[in-house]
Amino acid sequence: MAMHSMKTNHRDSSSFPAIHEYLIPALLIFIAGCGLFETRSVEPPSQPRSTFTQPTSPDIVLANLSFAVAEKNLDNYIRCLVDTNFSERRFRYFPDARSQSNYPVFLSWSIANERSYYSNLLSFTNESASSNLFLSNTSFNTGLDSAIIDAEYLLVFDHNKQNVAKITKGNLRFIMGTDQRGLWSIHGWYDFLNNENDTTWSVLKANFVN
């Protein structure tokens, strides 16, 4: 009786690549697509808000000053004052009479003092805290290169310094002029007390200048 050999029908595993040879490259492509190997850029520090318009008229100076208060922006606050690089005028501040007698620092007040007090005020104020300047009953007496602006003011600054008023009010007078660039700025600032029970802007300046 003839014997027939039986062949086992199996595949040679060496002729087919192992499954991991497909899975590993596919997994690497997936991970790369997700950006897991990418270097993340460092977030830049937050910049202060800045709204400033070239002051081609006195009313723009008032708007810039209001924004500098609302946005707690030191540079824009100082830009509202005369720049002696472009003008022969010098900045002068005249506090209300009571503050003049109470705070000797006003005897030689300058733009450097303005920068110092406002910088210190900002350091005592949270970024999200309220800060607003409200002007009312504003009047303009404007010439070709000079102007006198009178207004009632209400300044709200929710700072963290103890025993210093957060709301100041009074009357102000700004003396403005144009510089060599034709831009307007404040070179004279008068502060007036309306009510004996009020606290003026001058008191705020004196308490934060040092």
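Just a few scattered comments:
- Of all residues in the stretch 144-155, one or more are of a type in the set (D, E, K, R), part of a strand (DSSP E or B) and either touching a Lys or Arg at 6+ places or on another chain (Cβ under 8 Å) or under 17 Å from TYR190 (Cα atoms) (or both).
- Residues in the stretch 48-85 that are of a type in the set (Val, Ile, Thr) and either more than 21 Å from LEU135 (Cα to Cα) or surrounded by 14 or more Cβ atoms within 10 Å (Cβ to Cβ) (or both): ILE60, VAL61, VAL69, ILE78, VAL82, THR84.
- Taking the criterion of being closer than 20 Å to LEU65 by Cα and surrounded by fewer than 16 Cβ atoms within 10 Å (Cβ to Cβ), the residues of the stretch 86-115 that qualify are PHE86, ARG90, ARG92, SER110, ALA112.
- A search for C-beta distances below 6 Å between a residue of the stretch 73-84 that is assigned to a helix (DSSP H, G or I) and modelled with pLDDT of 95 or more and any residue that is small (Gly, Ala, Ser) and buried (at least 19 other Cβ atoms within 10 Å of the Cβ), counting only pairs 6+ apart in sequence or on different chains, returns ASN76/ALA68; TYR77/ALA68.
- Check on SER131, farther than 21 Å from ASN207 by Cβ and polar (S, T, N, Q): no
- Checked across the stretch 193-210, the condition of being in a strand (DSSP E or B) and at pLDDT 95 or above holds for no residue.
- All conditions but one from (1) under 21 Å from ASN113 (Cβ atoms); (2) buried (at least 20 other Cβ atoms within 10 Å of the Cβ) apply to VAL164; the one that does not is (2).
- Selection within the stretch 95-129: residues that are among the charged types (D, E, K, R) and assigned to a loop (DSSP other than H, G, I, E, B). The member of this set that is modelled with the lowest pLDDT is GLU127.
- Residue ID - nearest to the chain's Cα centre (by Cα), chosen from residues in the stretch 145-155 that are surrounded by 16 or more Cβ atoms within 10 Å (Cβ to Cβ) and aliphatic (A, V, I, L, M): LEU155
- Filtering the stretch 153-200 to residues that are under 21 Å from LEU121 (Cβ atoms), among the charged types (D, E, K, R) and in contact (Cβ under 8 Å) with a residue 24 or more places away in the chain leaves ASP158, LYS161, LYS169, ASP191, ASP198.
- Options SER123, SER119: the member that is surrounded by fewer than 17 Cβ atoms within 10 Å (Cβ to Cβ), touching a residue at least 12 places away in the same chain (Cβ under 8 Å) and within 19 Å of the chain's Cα centre (by Cα): SER119
- Test: THR53 is modelled with pLDDT under 95, part of a loop (DSSP other than H, G, I, E, B) and of a type in the set (S, T, N, Q): no
- Here the condition is being assigned to a strand (DSSP E or B) and within 22 Å of the chain's Cα centre (by Cα); of ILE175, ILE186, it holds for ILE186 alone.
The values are calculated or read from the model by the stated rules, or taken from the named source; none is laboratory data. Everything numeric in this text was worked out from a predicted model, so none of it was measured. Counting neighbours? That spans all protein chains shown, and the Cβs are built from the backbone with ideal geometry, glycine included.
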